[in-house]
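Comments concern the structure below.
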Amino acid sequence: MNAATPHPANRPVLDPAHAPPFPVAALPVLRNPQLRKNVAHAVDVIQAKRARLVEEKADWQALRSAAAAIRAHALENLGAYLELFETRCTAAGGQVHWAADADEARQIILDLLRRECASEVIKIKTMTSAEIQLNPFLEAAGIEVFETDLAEIILQLGEDEPSHIVAPALHVNRSQVREIFARRMGIENLSDNPQALTAAARNYLREKFLRAPVAIGGANFLIAETGSVAVVESEGNGRMCLTLPRTLITLAGIEKVLPRYQDLEVMLQVLARSATGERMNPYTSLWTGVTPGDGPERFHVVLLDNGRSRILARRTERQTLRCIRCGACMNACPVYRQTGGHAYGSVYPGPIGAILTPQLMQMRHAQSLPFASSLCGACYEVCPVKINIPEVLIDLRAQITDQERSRMGRVFDPMYLGLRVAVLIFSRAWLFHSAQRIARIGLGLFTRKDGWIHALPSIGAEWTQTRDLRGLPKQTFHAWWANRGGVATREGR
Amino acid sequence: MSPATSSRQQILGRVHTATAPAAAGASSGSGSGSEMDALRSWPGLPRDYVRRGSLSAQPRLELMMERLREYDAETTECSPEGLPAAIAAQLTRCGRRTLVAPEGLPQDWVAPGFKWKIDRGPETGELEMGEIERADGVLTACFCGVAESGTIILHHTAAEGRRVLSLLPDWHLCILRASQVVESLPEYFDRCSEPPRLVTWISGPSATADIEMTRIKGVHGPRFLNVILVRDEDAGATVNGNRREREENGGDRPGKR
């Protein structure tokens, strides 16, 4: 793809088509104690805040149910709501564009910028633009891109990639931020106090806000009833981008539609609590087309499909599209906590990324991600729109296994051979009993006095390298039951 | 057929096909028919969450003030008659001399002894960005206050000003009437006769926690939020009873019934 620039040596690869598989990508993180400490600290803080605020909300489960129902209803009627959104947004002076894939979305945005003669653009944090790798594409076309969210500035100046969808720079600590800002903003004697670092970002951006002709942002929600767009944020950089430039471009996935304005009474109650552990995020902005005398003169919405309609067509997987990008699932995930976001090789990490990324890639890339989970269900429990992530993970695993099974090379793969033998044994009682007897003798050779197997040879070593295995008991359950049953029967007589 | 049109048709075609079984009972076509069907089935969605708070007026107002203070917003209270004096006192105390304000602000809020720049709209004298940016602060009314989350909601009507007015100055003084305070978020939606065109919800001053989850106040929006709660007469008696009130209460006509 021509949009991708060559990655600096240490820059994480978040293009699923080129990223290494999860177990490989996770290794450098697992060997980096500083990174693990930064990630664990951040998710611990957010989780504690979230837990406290969810606790105080007596109607939390009712809110979750309503949020899930609203999102499911919007998806069931997505075509109708998208058309309604288009009609109302256009009537209010906005212009709606449709992009079937990332290529088309990038081209539409570049054409709009060219029409504005814009040589620079300011951006509100949008994961959708990272999904279509917009920044490298625009930069290659000679347009200077300025991220305005503090975390995104840290990543842009540090030539790094997002590792979380809500707090994209949570893997970077204050002294690393200080180093990046001092070097790239040319500030000497910058302290590593977050207050000072935040002030540096404010100064760096202030005149860019007042000067830039065009802003690009995402959408938290599109309101079909009114044709309005809603953006939630904390810093005020969003409000700056939404009101100061003469032209505003919103890039939004087609799944972002809500039926009515009133639906925000549910969605915004669950979003802020789930995302940042706040009762409400500092700023929520909602606008409708263009308003003479207030804000941009021109407003464009680019509606992006890029694989979403395909997900919509699948019964189990459709719920993936309910996601409101709160990030609660990654904060709760025991795997994410250890590996951070970069290991997922996608701008969407964590449990939601593990189901969303391979589907957006039409199951052609990122096949290792559905296996990057212990299926513990913590993600499902915290999800404000009740996406049953483990259910989707299992379904995707089955699809990937089917893909692999159809490949000829797999005929001789030890795992598939082993499974075929297992099928044979499990389907015949006499074979099963003989296999048990042989296994008891065979494993007995490796079982120590404590009743555990600490080391196995060959392919068995893959298990025992990291875990012990309990030795087989002296008697099978079947034999024990037969004996016990004999006694009971006798007494019965 | 242009590529844009074909992408639109392609996407909508795929979406309609993908959702066809679910919509089969209602409508198989696209266009306004299915829009109507979709909106018609919307009221049946489950809404078992709390739609109306249980607090009486006094504790509701106290909650509002407490939540605002939790965000480091400054709060004071006054009677309707005492509002002009309260505004002047806040400006003096905080050392704010040059203020910007929207055109629809009630005349008696414009306290004498300070320099006021009124934003009068494109035809009659709109303020320049630089003027707004350089001001010591901004004074506006608001549409609603939500106690549970300490949220101030602006609909950007004449007394609330255009969006940039309450964004660029570093200090925002907002007048909130007791009759505008609801307990829970759904009650705010009950007060919207129809969805507003422009909305800003403000919950405390601009903030970030992007560096090690340490909350830092004041990034790009106003660093200081100052709220004066006006104890208008019907606060105690009718706020609860007014929940279906459909009036656009821009803030300049307090407590109308």
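The values are calculated or read from the model by the stated rules, or taken from the named source; none is laboratory data. Owing to the predicted nature of the structure, the values given are computational and were not obtained by experimental measurement. Because the Cβ atoms are built from the backbone with ideal geometry, glycine has one as well, and the counts that use them run over all protein chains shown.
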| task | Quickly run through region A:118-143 and pick out the residues that are of a type in the set (A, V, I, L, M, F, W, C) and either within 14 Å of another protein chain (Cβ to nearest Cβ) or touching a residue at least 60 places away in the same chain (Cβ under 8 Å) (or both). | result | A:118, A:121, A:122, A:124, A:127, A:130, A:132, A:134, A:137, A:140
| Options A:242, A:197; residue that is in contact with a strand residue (DSSP E or B) (Cβ under 6 Å, 6 or more places away or on another chain) and either at the interface with chain B (Cβ under 8 Å from one of its Cβ atoms) or assigned to a helix (DSSP H, G or I) (or both) | A:242
| Taking region A:179-204 on its own, how many of its residues are in contact with a helix residue (DSSP H, G or I) (Cβ under 7 Å, 6 or more places away or on another chain) and closer than 30 Å to residue A:242 by Cβ? | 12
| message | Restricting to region B:83-98, name every residue that is out of contact with any Cys (no Cβ under 8 Å at 6 or more places or on another chain), within 12 Å of residue B:173 (Cα to Cα), touching a residue at least 40 places away in the same chain (Cβ under 8 Å) and part of a helix (DSSP H, G or I). | response | B:87, B:90, B:91
| request: Evaluate region A:150-167: report whether one residue or more is surrounded by fewer than 18 Cβ atoms within 10 Å (Cβ to Cβ), over 27 Å from the mean Cα position of the chain (by Cα) and not in a strand (DSSP E or B). | output: no
| said: Take the residues in region A:401-435 that are assigned to a loop (DSSP other than H, G, I, E, B) and of a type in the set (Ser, Thr, Tyr); name whichever of them is farthest from residue A:479 (Cα to Cα). | reply: A:406
| said: Quick check on my filter: what residues within region A:44-97 are of a type in the set (S, T, N, Q), under 17 Å from residue A:223 (Cα atoms) and facing chain B (nearest Cβ under 9 Å)? | reply: A:77, A:87
| field | Members of region A:245-286 found to be among the small types (Gly, Ala, Ser) and at the interface with chain B (Cβ under 7 Å from one of its Cβ atoms), listed by number | value | A:285
| Residue list for region A:170-184, restricted to those being outside any helix (DSSP H, G or I) and either surrounded by fewer than 19 Cβ atoms within 10 Å (Cβ to Cβ) or touching an Asp or Glu at 6+ places or on another chain (Cβ under 6 Å) (or both) | A:173
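Just need a number here: residues in region A:173-184 that are within 9 Å of chain B (Cβ to nearest Cβ) and over 12 Å from residue B:213 (Cβ atoms).
Counting residues in region A:173-184 that are within 9 Å of chain B (Cβ to nearest Cβ) and over 12 Å from residue B:213 (Cβ atoms) gives 1.
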| task | Please name all residue pairs, on different chains or six or more residues apart, with Cβ atoms under 6 Å, provided the first residue is in region A:211-239 and is within 9 Å of chain B (Cβ to nearest Cβ) and the second residue is among the acidic types (Asp, Glu) and buried (at least 24 other Cβ atoms within 10 Å of the Cβ). | result | A:237/A:149
| query | What tally of residues in region B:176-225 results from selecting those that are surrounded by fewer than 24 Cβ atoms within 10 Å (Cβ to Cβ), more than 9 Å from chain A (Cβ to nearest Cβ) and among the aliphatic types (A, V, I, L, M)? | reply | 1
| message | If I filter region A:446-460 for residues that are assigned to a loop (DSSP other than H, G, I, E, B) and of a type in the set (Ser, Thr, Tyr), do I get at least one hit? | response | no
| task | Test residue A:265 against the criterion of being over 27 Å from the mean Cα position of the chain (by Cα) and at pLDDT 95 or above, and give yes or no. | result | no
| task | List the strands (runs of 3 or more DSSP E) that sit entirely inside region B:117-173 and contain at least 1 residues that are within 11 Å of chain A (Cβ to nearest Cβ) and of a type in the set (Val, Ile, Thr). | result | B:144-146, B:151-154
